[in-house]
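Read through the structure below, which is laid out as structure tokens, and then see the notes.
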Amino acid sequence: YTELNPYDEFKDENGKYLKYIKEWNPSWRGSNTPNPLYEANIGNYNKSKYNELTENLSVNWYVFPTWQIKGELSVTQSLSESENFTHPESLYSEIRISDDQTLRGSLSKSDSENVSWEGKLTTSYNEMVNLHNINALQGINVRTTDNTTSSSTYRGFPSGEFTSVTFAKEVVDK
């Protein structure tokens, strides 16, 4: 946007965005400069969301004034989803004009879930005997993580209005 001049034509006579900007001087940027407003309004999208929940629990038990047991537990769950759609008429479609036009447009989806547990148990003993201090500490840590990820890519959408995977002609990766 920053290199364009106000007199560069970015719409046709019907008010629709041109795919390429008409150049006054083709030697400056080249003869086929993509119109960024065309791509911004055609229907491409990149959506994502991320949720994370962490729960922490800590318990202190003073068995005697000199002896303490401490337990900690932490559970974290994170979920993420992303969806990236490229319109069949996009200039950035992987399928070029000379190739099979029924394969234009793509949709990439990915989902992931991560659940982790962490536990910690410590016991400590601390006592003063005359001028001497007796300290003892023992602990254990346990951690586990479970990750699940899935991704898929679909290609060949009849129109930018039909972005569901059911309208795709083929599944490229799954």
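Please specify each residue of segment 53-83 satisfying the condition of being without any contact (Cβ under 8 Å) to a residue 40 or more places away in the chain and open to solvent by less than 60 Å² (accessible area, probe 1.4 Å). Give the derivation first.
Applying the first criterion (without any contact (Cβ under 8 Å) to a residue 40 or more places away in the chain) to segment 53-83 yields 53-65, 77-83.
Val63, Ser78, Ser80, Ser82, Glu83 - these are the residues of segment 53-83 that are without any contact (Cβ under 8 Å) to a residue 40 or more places away in the chain and open to solvent by less than 60 Å² (accessible area, probe 1.4 Å).
Looking only at residues that are open to solvent by 60 Å² or more (accessible area, probe 1.4 Å) and outside any strand (DSSP E or B) in segment 138-174, which one is farthest from Ser74 (Cα to Cα)?
Once the filter is applied, the top-ranked residue is Pro158.
Mind listing whichever residues of segment 108-135 are among the hydrophobic types (A, V, I, L, M, F, W, C) and at pLDDT below 95? Step through it out loud before you land on a result.
From segment 108-135, those among the hydrophobic types (A, V, I, L, M, F, W, C) are 115, 117, 121, 128-129, 131, 134; that's our starting set.
The answer is Met128, Val129, Leu131, Ile134.
Looking at segment 121-137, which of the residues that are in a strand (DSSP E or B) and open to solvent by 90 Å² or more (accessible area, probe 1.4 Å) is nearest to Asn51 (Cα to Cα)?
Pass one, segment 121-137, residues in a strand (DSSP E or B): 121-129, 132-137.
Pick out the ones that are also open to solvent by 90 Å² or more (accessible area, probe 1.4 Å) and you get 121, 128, 132, 135, 137.
Numbers: Leu121: 29, Met128: 49, His132: 52, Asn135: 43, Leu137: 37 Å.
Checked segment 121-137; the qualifying residue nearest to Asn51 (Cα to Cα) is Leu121.
Pull up segment 114-168, narrow it to residues that are in contact (Cβ under 8 Å) with a residue 24 or more places away in the chain and of a type in the set (A, V, I, L, M), then point me to the one that is nearest to Gly71 (Cα to Cα). Spell out the reasoning first.
So in segment 114-168, the residues in contact (Cβ under 8 Å) with a residue 24 or more places away in the chain come out as 114-127, 142-161, 163, 165, 168.
Restricting the remaining residues to those that are of a type in the set (A, V, I, L, M) gives 115, 121, 142, 165, 168.
Working: Val115: 20, Leu121: 4, Val142: 12, Val165: 48, Ala168: 52 Å.
The extreme case among them is Leu121.
Residue check, Leu91 against (1) open to solvent by 80 Å² or more (accessible area, probe 1.4 Å); (2) among the aliphatic types (A, V, I, L, M); (3) not in a strand (DSSP E or B), all met but one. Which one?
The failed condition is (1).
Given the options Tyr45, Tyr7, name the one that is of a type in the set (Phe, Trp, Tyr) and modelled with pLDDT under 80.
Numbers: Tyr45 fails: modelled with pLDDT under 80.
On inspection, the qualifying residue turns out to be Tyr7.
The values are calculated or read from the model by the stated rules, or taken from the named source; none is laboratory data. Here the structure is a predicted model, which means the values were calculated and not measured. Positions of Cβ are generated from backbone atoms using ideal geometry, with glycine treated the same way; all protein chains shown enter the neighbour counts. Protein only, heavy atoms only, side chains kept; ligands, DNA and RNA dropped before computing areas. Shrake-Rupley method; radii C 1.70, N 1.55, O 1.52, S 1.80 Å.
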